[in-house]
Structures are given as C-alpha cells and as structure tokens.
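**Q** One structure, pasted below without further comment.
The values are calculated or read from the model by the stated rules, or taken from the named source; none is laboratory data. This one's a predicted model, so the numbers in the text were calculated from it and none came from an experiment. In this analysis, Cβ positions are derived from the backbone assuming ideal geometry, glycine residues included, and neighbour counts consider all displayed protein chains. Ligands, DNA and RNA are excluded from the accessible area calculation, which covers all protein heavy atoms including side chains. Shrake-Rupley method; radii C 1.70, N 1.55, O 1.52, S 1.80 Å.
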Amino acid sequence: MSNALAEERERSILEDRELVERFKRGDQSAFARLVDKHSAKAYQIAYGVVANREDAEEVTQDVFVRIHRALPKFRGDAEFTTWMYRIAMNLARNKYRWNKSRGSQRNVSIDAPLPGSDDDDGRHIDLAETDLPPDERNQVDELEQQALEELYKLPELYREALVLRNVKELSYEDISALLGCKLGTVKSRIARARDELRKRLGL
Amino acid sequence: MSENVEQTGCPSFDSISAYLDGEAEGQETAHIESCAHCQRILASLRTLDEVVTRSCQPPEGLSARILAACSADRETASPTIIPFWGRSLVRYAAAIVVTLGLAFAVKQTVGGTSPDHASPTPPSPTIADVGTGGIGPDSNPIDPGMTRVVSADGGNTAPVNVMPVAKRLVTSQVSHVWGGKSLDRVEKDLSAQLPEGAKWGLTRDNAGVSIQASLTDEQLQKLVNGIHAQGYDLFSPELPQPNQEERVKFLGGSKKIIYQARFVNVNDN
Ligand SMILES: [Zn+2]
C-alpha cells in the first residue's frame, strides 16, 4: 500500500474511533456519520455474496441494526471496519446459504476447487445454476448485468475474495483475516475469479 | 495459469492481478510496468474491475433507510430524535410514541416471554456480540407497514420522511437461518421447545440441519424465543425475532404458519 493510502486509512480509523466514542456518549449523529461512511461497503460485500439487490439491502440494514445495538459495548481499541466487514460477511453468507438451500436441487456440488487452482481450502464448492430473478435484469446495463450473473455463478470461495477486493480499502492481509485463509490463497482466489470472469465476459 | 500469459519472462497472471491491487513484488512491478503484453492484460483487468464495481453499487437512499431501521429497532428506548435526520422527523415523533405505546401493550398481553438470552462478551467483537434480532424487509420490501425511509431528493444527507413503526403479521411461510456452535443437540433442543402435538420434521445433511414445522404465530414466536434462549443465533431478519413480540401483530386462533429453519455451524471458519 502506498504511503498516501496508508495515511488516509490511518485517518479513517482515527475518525471511526472518535465517532464510536461520540456515539457512546449519546451523540446519535456520530452513528449517522458511521452509516454514511460505511454502508456502501457493507452493501458491496453483501451484494457480491447474495447477488441480488433486495437481499443485499436486507443484509446491509441488518448489519447496521446489529451494530447499533452492540456499539455501546464495542471495544474502543478494535477497528470498527474490521468488525463491520465481519458481520456483513457472516450475515451475507448465511443469507446466501439459505437461498441456496431453498433452491438446492438446482445446484451442482463439486468436491474440488476449479481445475488449475492451487486453492488449499478443501471445502466443498457449490456452483449455483440459478439465474438472477427477472426484476434484477432491468436495473443495470448489459455488461454489468452479465458480470453480475457470472459473478453469481462463480464458486463461493472465489466470488467472496473478489468481492472483498472490490471494497477498495481492504488489503490482501485484511481479506485473508476475514476469510480465514492464507495470503497466497487470497491472491490466487482473486486472480482465479478475475480470470474466470474476464473469459466469460469476453474481456 | 491463463493461456494469455505466454510471453517469456512475464510474471504469472496471479502476479499481474496482484499488481492491480497494489500487492505485487518489487521486481514484478518493474516488468509489468514496462511490458506491453502485461499492460494489455492489466487493461482488461481494469475494465473488469470497473464493471464489477459498478454492478455492485448501492441503491440511492440506503443510508437513510438504514438509520430508519435502526431507529425502529430501538423499541424500548425513549423516542428521542436523531439530530441528523433534521426536522422532518419531528412530525413523525408523535406517531412513533403512539406505536411504542402499542408495542408495550402488546408485550403485556402476549406474556410468556423467555428471559433474555445472556450472551457472553468475547474479547474481540464477533457476530456473537451483535445480538440476534434484526430489522429488515420481510418478504415484501415495500410493505407500507415497514419502517422504510424515502429520501426527499435521493441524497444520503437529505432530511427524510419516516413512516411510523407498525406491527406486522408473520407471513404464512417463515424461513430462518440459525447459527449454532454445535449442531449435535439441535433435535433434542427443538423437541423440548416445540408445543405438544405440533407437526414437525427434521433432516440432517453434511452442511447442517433443516427443520419444518406447522405452528400458529404465537407458538412460532415462543419457539423462536426458546431456540434463542438455548444459545442459537438467528441470522435472518424475518419476523418473528427472539423476544420481540412487540413487532408482531398476532392473529390468534389456529391459523398455521409453515416454519422452515436451517441450522448451520458457525465455527466452520
Ligand atoms: Zn510481461
């Protein structure tokens, strides 16, 4: 990470810390600022995992409702965004799993990562065969829509890594902490997701 | 790993991808910046990144709706006004007070609430720290009864109109995802919670446990409270939520709701 980025990040962390403290002292506008600052990132994580707008918004609202409740006992020295990303990831994954288990007859389960990958996770990977619901189709331009559909079809492990990368301030190290895997695994999952997507989109 | 990386001396596709994220090694950086072939790959990755980023943009007014949801969630707190929202909220303050009054009345008539599940505070914040309830859209996201906020001009900082909190009916089919530290006891825990004579079934697969039960809305609320009290965390925002009877408009009577619950292990990563 460049110095300028590192500095910006440091400033942002300090600002979050101050906002959390102000909220703890009863200043609700500090919470509003936290929401304003971070809700788009929570949404991006959720969207990438659940792959539809309605569920992503539901998850995002839920993330901040839970944060709002728990913030009074949030430790001042912990990083707000790390905590928020983890909640968003957990809630989004659960929503995704739920959606998947409802349409499980349409999913193909394979036992190995994509061929050619050196992923060391060993978890099962499900390839969702489900298309986006029709009402999702009109909201984005053709390439974006196609990207979304292909993103949705990517194995969970790869999509999650790429989507977390999409939240620009997350480093590979942050992502590896969030996903609970090694740095090298993050690098290869992101690359793999990009490689698959650009082939499928003809880029 | 990609057929596009065929030039001798070019770093791997993984490295070019890492370069895009500012995570490449020093000697790779020098090559990538001076190699036309690498630059072409990089250009396609930049385009891809833009498309993916654009396709995941949040809808307008998201922050305002989040704040409204948080406000509605503070059902037991005094109805103070969030300054950020500006004056338009004042007009609705009276409605909120009335609704809160109703909520308390309902809580008293329903009765039978379980004691709050005392969650331990782990040293670092985790999902366990953030409680288990949640407000969010039910199956119908634009249900007028919902506490949703519409921004006056679509901007996140504009004053917003808040609809009063309203109790909602439980939908005829409810789907919940629960997280548990261990799933071995789900069957035992549930059979202790389900009302006598209730119809229910349980299936287990290698990813979790699913149950389906047919219950009245009041029975379902009690079941949800009971599951929560046994230490499971509810991840779905759909009503009913543990110990939040005040958000539910109970029908009474014997109309049955199909309840599907999926239990997943939360220690899997
Ligand atoms: Zn090269």
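**Q** Quick one: of the DSSP bridges fully inside the stretch B:173-265, what percent are antiparallel, nearest 5? Display every interim value, and only then the final one.
**A** On the way: 17 of 25 bridges.
Among the beta bridges of the stretch B:173-265, antiparallel pairing accounts for roughly 70 percent.
**Q** What FRET efficiency comes out for A:Lys73 versus A:Asp141 if R0 is 56 angstrom and r is the Cβ-Cβ distance? Round to the nearest 0.05. Before the final figure, lay out each step's value.
**A** Working: r = 44 Å, r/R0 = 0.78.
It comes to 0.80.
**Q** Per residue, how large is the accessible surface of the stretch A:1-98? Use a 1.4 angstrom probe and give square angstrom.
**A** Each residue of the stretch A:1-98 exposes 35 Å² on average to a 1.4 Å probe.
**Q** Can I ask one more? Starting from the eigenvalues of the Cα gyration tensor, five times each then square-rooted, give me the equivalent ellipsoid semi-axes of the stretch B:193-269, largest first, whole Å.
**A** 22, 16, 10
**Q** Could you look at the stretch A:130-203 and say what percent of its accessible area is carbon and sulfur, using a 1.4 Å probe and all protein chains?
**A** 46 percent
**Q** R0 = 45 Å: FRET efficiency of B:Glu60 with A:Lys24, Cβ-based, nearest 0.05?
**A** 0.90
**Q** For the modelled label position 7 Å from the Cα of B:Lys256 along Cα-to-Cβ, which residues of the stretch B:223-245 have backbone nitrogen atoms closer than 20 Å?
**A** The answer is B:223-224, B:240.
**Q** Could you pull out every one of the lysines with an alpha carbon less than 21 Å from that of A:Lys37, ignoring same-chain neighbours closer than 8 positions?
**A** A:Lys24, A:Lys73, A:Lys168
**Q** Then there is this: So, in nm, how far is label B:Ser44 from label B:Asn206 when the simple model puts each one 7 Å beyond its Cα toward the Cβ?
**A** 3.5 nm
**Q** Name the residues of the stretch A:37-74, by number, that are at least 40 Å² less accessible with every protein chain in place than in the isolated chain; the surface is that of heavy atoms, probe 1.4 Å, without ligands or nucleic acids.
**A** A:Tyr43, A:Gln44, A:Glu54, A:Glu57, A:Glu58, A:Gln61, A:Asp62, A:Val65, A:Arg66, A:His68, A:Arg69, A:Lys73
**Q** Buried accessible area between B and A (1.4 Å probe, both chains summed, ligands and nucleic acids excluded), in Å² to the nearest 100? Could the numbers behind the result be given before it?
**A** Details: alone 15520 and 11230 Å², together 20500 Å².
The B and A chains share an interface burying roughly 6200 Å².
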